[in-house]
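The structure appears below as structure tokens.
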Amino acid sequence: MEGKKRVHVTINGRVQGVCYRLETQKAARRLGVVGWVRNLPDGRVEGVFEGDAGAVDQLVKWCRRGPSLALVSDLELEHQDYRGEFSGFEIRF
């Protein structure tokens, strides 16, 4: 779909216990991006973001630094085919 984008991200570093998921959700909603974010058992955070390409890019840029208490060491990014499957942005458990 023209102008739409979907990415799968995995964020490494000090990203759990610092409100990373909640702040990602707030940033996504502010940007109009839909999808989800969750903690992984190994201490990383994972998410799938969909929306207008520019807004998704802005959210990925935000994730590279995260909230003030986070310390992001690496962000893995995988581009996927846009599916339009989400109606909002949720925190998964």
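Computed from the coordinates by the stated procedures, all read-outs in this text should not be read as laboratory data. A quick note: this is a predicted structure, and the numbers were derived from the prediction, not measured. Backbone-built Cβ (ideal geometry, glycine too); neighbour counts: all protein chains shown.
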Problem set entry | Principal-axis tilt of helix 20-31 within the chain, Cα atoms, nearest 10 degrees | 30 degrees
Problem set entry | Backbone N within the range 73-93 under 18 Å of label point (7 Å from residue 26 Cα along the Cβ vector) | 89-92
Seminar exercise, completed: Quick calc: nm separation of the 7 Å Cα→Cβ label points for residue 46 and residue 92 -> 0.7 nm
Problem set entry | GluC sites (Glu not before Pro), loop per DSSP, at most 10 other Cβ atoms within 10 Å - longest free stretch of the chain | 3-84
Seminar exercise, completed: Listed by chain and number, the aspartates and glutamates with an alpha carbon less than 12 angstrom from that of residue 26, same-chain partners under 8 positions apart left out, are 90
